[in-house]
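Trainee: Just dropping this structure here.
Every read-out reported here was derived from the displayed coordinates using simple, explicitly stated rules and does not represent laboratory data. From a predicted model like this one, the values you see are computed outputs, not experimental measurements. Cβ placement follows ideal geometry from the backbone for every residue including glycine, while neighbour counts extend to all protein chains displayed.
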Amino acid sequence: MGEKKEVILSGIRPTGRLHYGNYFGAIRHFLRLQETDARCFYFIADYHALTTISEPENVFEETINMLRTYVACGLDPNRAIIYRQSDLPCTAELALLLGMITNIGHLERGTTYKDKLSKLQEDPKAEGNPLSYGLLGYPVLMAADILIVRADQVPVGDDQRQHVEMAIDIAQKFNHRFGETLHIPRAVGRDALRLPGLDGAEKMGKSEHNTLDLLDDRETVLKKIRAVETSTDPLPLHSDSDDPDVVIPQMPAGVGVLYRLLHLLAPEEVYRDFLGKYRRREKFYGMLKNTLAEHVSQFNAPIIERYNDPANSREFVLAFLRENARRVTPIALETVEACREAMGIGHSLYRA
Ligand code: TRP
């Protein structure tokens, strides 16, 4: 014992185009973790995507292009094991088994389900799927994802913490009823950055249509950044601190977004210099926007280039997905078989 590698797992929703919120919320953590000697599993939650998709649009093609973007950002399929959830269909079997010991009341307190329920109560004709069994069971499937590879750590954003905690509860309950079978992950503790949207809204998100995308070219970047609302009068800063978490919340929303991005992308002195201008109330928003657009374009340029690299092709992605599904399957089957055994139905008679 003691030498077992730390197992890290996280799931990625297949959303197609990736934006700065995705990058600073998740991707950069994935890049950092792949440099450690932990064993990293990142999978595309394509079964989960079906809980919100109203038309069978191209989850598959979106997945491929999203993975090409991940690779372009530096995620290395040789270091991190990247696979598709639906290529590990025994996850669904584990979810079914776990569902047998999960209380409906517990699931009804799940955030994804509750949000959908309250949206439907506000507007019963709201687009999208009705409340489904699949949506209610979202945390059970997520528990299966986590437990099937015996994860130690599950880095997620704040909005997913509750789901990870539910997975821990389900695993503990299972072990309590059927004996020590499932590996219990550690509770998550991470200060995920939530990037505001270009419209100043609290969150940058695809469905909010307020994103700055990693594949945006120079012209698009400039257009989007110039459109950020900065005409509100500057508010005074009640602090001498340069700490973005202290001063940015005191600025008008649009201006705050620009400073947040500048702090993430530009050298510290550039950020400080513009903070000084803000304090002195100089006329500088045009310059701030141009400077920021330049940094964003420079950040995007190599990503766009690697995205379009002929080696980073659809075939390349398909090849590593196939290979990784093959690598993860035996690990996953071991967990599922152990659970079947523990629950009394015994091993599958047809699997090797
Ligand atoms: N629900 C997560 C999200 O919306 C994605 C996800 C699915 C996940 N299964 C997971 C994350 C397991 C971590 C672990 O972002």
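Trainee: Which far-off residues, 5 or more places away or on another chain, put their amide H under 5 Å from the one on residue 242, with H placed in the peptide plane?
Mentor: Hits under the 5 Å cutoff: none.
Trainee: At a 10 angstrom cut-off on C-beta neighbours, averaged per residue, how do the peptides 222-235, 159-172 rank from highest to lowest?
Mentor: 159-172, 222-235
Trainee: Here's a follow-up. So what are the ³J(HN,Hα) numbers for the range 322-338, from phi and the Karplus equation (6.51, -1.76, 1.60; θ = phi - 60°), rounded to whole Hz, Gly and Pro as x?
Mentor: 5, 4, 6, 4, 5, 6, 7, 3, x, 5, 5, 5, 4, 5, 5, 5, 5
Trainee: Calculate I(q)/I(0) for the chain by the Debye formula, one identical point scatterer on each C-alpha and no solvent, and give its log10 at q = 0.08, 0.09, 0.14, 0.15 Å⁻¹ to two decimals.
Mentor: Log10 of I(q)/I(0), two decimals: -0.46, -0.57, -1.21, -1.32.
Trainee: Using alpha carbons only, how many angstrom separate the centre of the range 262-306 from the centre of the range 90-161?
Mentor: First find each Cα centre; the distance between them is then 40 Å.
Trainee: Take the eigenvalues of the Cα gyration tensor for the range 216-307, scale each by 5, and report the square roots as semi-axes in whole Å, largest first.
Mentor: Values for the range 216-307, descending: 24, 14, 10 Å.
Trainee: Give the span of the range 160-315's Cα atoms along each principal axis, as three whole-Å numbers ordered largest to smallest.
Mentor: Result for the range 160-315: principal-axis Cα extents of 68, 49, 28 Å.
Trainee: What spacing in nm lies between the two simple spin-label points modelled at residue 326 and residue 309, each 7 Å away from Cα in the Cβ direction?
Mentor: The answer from the label model is 2.3 nm.
Trainee: Further question on the same structure: Give the residue list of trypsin sites (Lys or Arg not before Pro) in the range 255-303 that are DSSP loop and have at most 12 other beta-carbon atoms within 10 angstrom.
Mentor: Passing sites in the range 255-303 are 280, 281, 283.
Trainee: Listed here are the pairs 125/206; 119/223; 4/173; 119/173; 119/224; which of them are more than 27 Å apart at the Cα?
Mentor: As for pairs spanning more than 27 Å Cα to Cα, those are 119/223; 119/173; 119/224.
Trainee: Could you tell me which GluC sites (Glu not before Pro) in the range 250-342 are loop residues by DSSP with no more than 16 other beta carbons within 10 angstrom of their beta carbon?
Mentor: 282
Trainee: Looking at the range 22-125, which trypsin sites (Lys or Arg not before Pro) are DSSP coil and have at most 11 other C-beta atoms within 10 Å of their C-beta?
Mentor: Here the sparse-neighbourhood loop sites are 125.
Trainee: Is the shape of the range 1-127 rounded, prolate or oblate, going by the alpha carbon gyration tensor and its root eigenvalues a ≥ b ≥ c, with a/c under 1.5 for rounded and a/b larger than b/c for prolate?
Mentor: Judged from the Cα gyration tensor, the range 1-127 comes out oblate (a/c at least 1.5, b/c at or above a/b).
Trainee: Expressed as an acute angle from 0 to 90° and rounded to the nearest 10, what is the orientation of the C-alpha long axis of helix 268-279 relative to the principal long axis of the chain?
Mentor: 60
Trainee: Got a sec to turn the phi values of the range 228-233 into Karplus ³J(HN,Hα) couplings, 6.51 cos²θ - 1.76 cosθ + 1.60 with θ = phi - 60°, whole Hz, x for Gly and Pro?
Mentor: Once rounded to whole Hz, the list reads 5, 6, 10, 7, 5, 4.
Trainee: Among 182, 195, 166, pick out the residue whose Cα is farthest towards the positive end of the charge dipole of the range 157-201, where Lys and Arg carry +1 and Asp and Glu carry -1 on C-beta, about the Cα centre.
Mentor: Positive-end residue among those listed: 182.
Trainee: Using modelled amide H (1.01 Å from N, peptide plane; none on Pro or chain starts), what sits under 5 Å from the amide H of residue 203, excluding residues fewer than 5 places away?
Mentor: 197
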